[in-house]
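Visitor: My questions all concern the structure below.
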Amino acid sequence: MNINVNQDADVTVVGAGPVGLVLAAELALSGATVQVLERRAEPDEAMKAQSINMPTAEALDRRGLLPAAEKVQREMLERVGSFVRMVDDRTPGEGRRAPHSRFTGHFAGMVLDADLVDWSDPDLAAHTAADGARLVPQRELEELLADHVARLGVPVRRGVEVTALEDTGDGVLVGTAAGTVRTGWLVGCDGGHSAVRRLAGIDFPGTDPELTGHLAVVDIVDPEKLADGWAWSTRGAYRYGPQPGRVVTVEFDGPSADLPHARLRSRGGTPMAPVTLEELQTSLRRVSGTDVTLTALRGAATRWTDNARQAATYRSGRVLLAGDAAHVHPPFGGQGLNLGVGDAMNLGWKLGAVVAGWAPEGLLDTYDAERRPLGAWVLDWTRAQIGVLRGDAKSAALREVVGDLLSTRAGATYAVKKISGVDQRIDLPGDHPLVGRFVPDLWLRDGSRLADHGHAGGFLLLDRTPDGAFARLAAAWDGRVSSVTDDHATPTGVLVRPDGLVAWASDTTDIAAVTGLEATLHRWTGAPSSSSEHEPVG
C-alpha cells in the first residue's frame, strides 16, 4: 500500500478523531506542515459524545465553522423532536416539552431543568452567540472537522499504525508497517489505548474501573417497556432517548469479564471486542428488569468503563499527548471530547509558534501547566457522578440529596455553568477579571463579533482607544497579531490568544494599560516581527 507519508513534516499527528483534526487544523493555520496518521482504515462509526460544550462551540465559531455546526444542531433537534412525539404518542397527557436548543445536560443522569437556570448569570449571559451549535454529536463533528482540514490541505493517511518511535533530540523517528518516518514533532491523539503514550514510556496513573457501560442506537420491538430518560435499580441504571432507539446502560458489577484488565487501564494492546446485539440486550434487560427485545444495532455500539487516568506528563521531549491519550474517564456529559478539543486548541498555536521559530521550546511547558488542572478537574467531576449513580443504598440516599440541590435555582445554575464550561479559567498573569477566561461575545459597531475576525487563527487585539494606541503598539507584531478597532467602550482593550483565552484586558487607556499590553505581547508572541522601532504610545 502506498500511503504517501510525508518524510519532512514539521508535525505528525497520530489519530484522526476530533482532537487530532482540530490540532492539525490549528497547526496548518500557523504555517506548519502537518500530516495525520490514523490506524483505522475508515472513520470510527461508534456512537460517542452527543453534544459539545461552549468552549468547543466557540472554537468552531472562531474558525468560521459555526454555520455548519448550527446546521448539525438543527438536524439533531429534529431527531430528538421525533422521539419526543413518539413518546408522547405512547404516554399521553404527561405534558412533555418540545426540545429546546438551550442545552443544559445532566449530572449522574439527573437532567437539569432549563427553567430553573439563571440565564442572566454573568458567565452564562456572556456566552450565547454559539448556543445554536451545542447539540453536535461526535460523529458529525468529526465529519465537519475532516472537511475543515481538507480545505486547509492537511493530508490524513488512513490505515497507518504507529509501531515504534525514537526521539532523536532534533526530531522523532516514527516506525510504521510501511517504514520509518522522520518528523519534527509527534503528537499522540490516538485515544485511551494510545500507542504513542505507551511507546514514549509515559506513565498513566489513576483509578481502576468498577462498572461497565454501553451506548448504542438500536431497533426495539417493545420500547414501551422502557422508561423515558434515566432510570435506576439495584442492578444498575439505563437511559432511553433522547433520540429514537438510543440506549445507555450502566452496570456496577465490575468491568466486563471478557475485557482484559490491562485493556481497561488503557495501557495499549489490541482494541476491545465489538459490542454484540446479544450483549447489549442482556445488559438492558438486566438493568431495566424487563424482557425488552432488541432486533438490530444501527451502527457500532460503544462499551466503556469508569477507568479514570491522567498521563504523568503531557510532553516528553518532542513527543506530546492530547485528548484521551492524555486522560481517560467515564463519558458522562461528553466532557472528554471537550477536554480534548481544548487540549488541541491550546497546543496547536504553541507548537506552531515553536515550529515557526518565533517562540522558544519553553512555551510548550505552558501546555501541560495550563491543561493538566482542567484534566484533573474533569476526572474528579466524572468520579463524583459515579459515586452518585451507583445502585447501592448509600448512593441512592446521596442521589436524593444531590437531586434536591440540583432542583434549586442556585444548584441548577452552578451545574450548568460547570457542564457548559463557561466558567473555565486558566491562571494567567493579570488582574483584569477577563484574563484567563474564554473571551465573551464581543459585538462591534459594524454588527460583527470579535470572533468573526479570527477565522485565520493568530492573536486578536480589540482596540477601543480613541486614537488607536493599542493597535499602533501591536503593529510591531504584524503577522502574529490582528487588530480590530471599534468605538470607545469597556473593555477598552482585549488581547485574545488563538485558543480563545484572554491574555490581557483593560478598562483604561493610561500608560499602565499600554505597558501591560506590551509585556503581554512579549510574553506570548515573542520579539516584535518588525525590525523598526514601533511608534511610542501613551
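The values are calculated or read from the model by the stated rules, or taken from the named source; none is laboratory data. Worth saying up front: this structure is predicted, and the values here are computed from it rather than measured. Counting neighbours? That spans all protein chains shown, and the Cβs are built from the backbone with ideal geometry, glycine included. Only protein heavy atoms, including side chains, enter the accessible area calculation; ligands, DNA and RNA are left aside. Shrake-Rupley method; radii C 1.70, N 1.55, O 1.52, S 1.80 Å.
Visitor: Of the residues Arg286, Arg303, which is in contact (Cβ under 8 Å) with a residue 40 or more places away in the chain, open to solvent by 10 Å² or more (accessible area, probe 1.4 Å) and part of a helix (DSSP H, G or I)? It would help to see each step written out before you state the result.
Guide: On the way: Arg303 fails: part of a helix (DSSP H, G or I).
Matching residue, one of Arg286, Arg303: Arg286.
Visitor: Kindly indicate whether Val378 is open to solvent by 30 Å² or more (accessible area, probe 1.4 Å) and part of a helix (DSSP H, G or I).
Guide: For Val378, the condition - open to solvent by 30 Å² or more (accessible area, probe 1.4 Å) and part of a helix (DSSP H, G or I) - is not met.
Visitor: Looking only at the stretch 118-140, which residues are under 16 Å from Val22 (Cα atoms) and aromatic (Phe, Trp, Tyr)? Show your work before the answer.
Guide: Taking the stretch 118-140 first, the residues under 16 Å from Val22 (Cα atoms) are 136-140.
Scanning the stretch 118-140 gives no hits.
Visitor: Additional query: Residue under question is Leu66, and the condition is that it be free of Cβ contacts under 8 Å to residues at least 60 places away in the same chain and either open to solvent by 30 Å² or more (accessible area, probe 1.4 Å) or not charged (D, E, K, R) (or both); does it hold?
Guide: no
Residue-by-condition table, conditions (1) polar (S, T, N, Q); (2) closer than 29 Å to Ser51 by Cα; (3) modelled with pLDDT of 95 or more; (4) outside any loop (DSSP other than H, G, I, E, B):
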| site | (1), (2), (3), (4) |
| --- | --- |
| Asp431 | no, no, no, no |
| Arg445 | no, no, no, no |
| Asp499 | no, yes, yes, no |
| Val502 | no, yes, yes, yes |
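Visitor: Among the residues of the stretch 308-331, what is the count of those that are modelled with pLDDT under 90 and either farther than 18 Å from Lys48 by Cα or open to solvent by 10 Å² or more (accessible area, probe 1.4 Å) (or both)?
Guide: 1
Visitor: Taking the condition in a helix (DSSP H, G or I), open to solvent by 10 Å² or more (accessible area, probe 1.4 Å) and of a type outside the set (D, E, K, R), does Gly342 pass?
Guide: On the way: in a helix (DSSP H, G or I): yes; open to solvent by 10 Å² or more (accessible area, probe 1.4 Å): yes; of a type outside the set (D, E, K, R): yes.
For Gly342, the condition - in a helix (DSSP H, G or I), open to solvent by 10 Å² or more (accessible area, probe 1.4 Å) and of a type outside the set (D, E, K, R) - is met.
Here is a yes/no grid of residues against (1) farther than 30 Å from His455 by Cα; (2) polar (S, T, N, Q); (3) within 18 Å of the chain's Cα centre (by Cα):
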residue: Lys350; (1), (2), (3): no, no, yes
residue: Ala353; (1), (2), (3): no, no, no
residue: Arg371; (1), (2), (3): no, no, yes
residue: Gln385; (1), (2), (3): yes, yes, no
residue: Asp392; (1), (2), (3): yes, no, no
residue: Leu406; (1), (2), (3): yes, no, no
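Visitor: Sticking with this structure for a sec: Kindly evaluate Pro92 against the criterion of being at pLDDT below 95 and over 26 Å from Arg298 (Cα atoms).
Guide: Yes: the conditions hold for Pro92.
Visitor: Could you list all residues from the stretch 393-451 that are of a type in the set (Phe, Trp, Tyr) and surrounded by fewer than 17 Cβ atoms within 10 Å (Cβ to Cβ)?
Guide: The answer is Trp443, and nothing else.
Visitor: Let me ask something else about it. Run down Val36, Val87 and say which single residue is in contact with a Pro (Cβ under 8 Å, 6 or more places away or on another chain) and either assigned to a helix (DSSP H, G or I) or modelled with pLDDT of 95 or more (or both).
Guide: Val36
Visitor: Something else: Do we have Leu351 as assigned to a helix (DSSP H, G or I) and at pLDDT 95 or above here?
Guide: When the stated conditions are applied, Leu351 passes them.
Visitor: If we only count strands (runs of 3 or more DSSP E) wholly inside the stretch 133-226, which ones have 3 or more residues that are open to solvent by less than 40 Å² (accessible area, probe 1.4 Å)?
Guide: Output list reads 172-176, 179-183, 185-188, 212-220.
Visitor: Starting from the stretch 336-349, take each residue that is farther than 11 Å from Pro55 by Cα and list its partners that are open to solvent by 10 Å² or more (accessible area, probe 1.4 Å) and among the hydroxyl-bearing types (Ser, Thr, Tyr), counting only C-beta distances under 8 angstrom and pairs at least six apart or across chains.
Guide: That search, which allows pairs on different chains as well, returns Gly348/Ser30; Trp349/Ser30.
Visitor: Name the residues in the stretch 392-429 that are part of a helix (DSSP H, G or I) and hydroxyl-bearing (Ser, Thr, Tyr), would you? I'd like the intermediate steps shown before the answer.
Guide: Initially, the stretch 392-429 is screened for residues part of a helix (DSSP H, G or I), giving 393-406, 409-420.
Within the stretch 392-429, Ser395, Thr413, Tyr414, Ser420 meet the criteria.
Visitor: Residue under question is Asp291, and the condition is that it be charged (D, E, K, R), crowded, with 23+ Cβ neighbours inside 10 Å and in contact (Cβ under 8 Å) with a residue 24 or more places away in the chain; does it hold?
Guide: Here the answer is no, as Asp291 does not meet what is asked.
Visitor: Could you list, in sequence order, all residues of the stretch 52-76 that are outside any helix (DSSP H, G or I) and over 21 Å from Gly15 (Cβ atoms)?
Guide: The answer is Gly64, and nothing else.
Visitor: Still on this model: Checking the conditions here, which among Trp349, Trp358 is aromatic (Phe, Trp, Tyr) and either on the phi > 0 side of the Ramachandran plot or surrounded by fewer than 21 Cβ atoms within 10 Å (Cβ to Cβ) (or both)?
Guide: None of the other options fit; the residue is Trp358.
Visitor: May I pose another question? For the list (1) touching a strand residue (DSSP E or B) at 6+ places or on another chain (Cβ under 7 Å); (2) open to solvent by less than 20 Å² (accessible area, probe 1.4 Å); (3) among the small types (Gly, Ala, Ser), I need the number of the one condition that Gly458 fails.
Guide: For Gly458, the failing item is (2).
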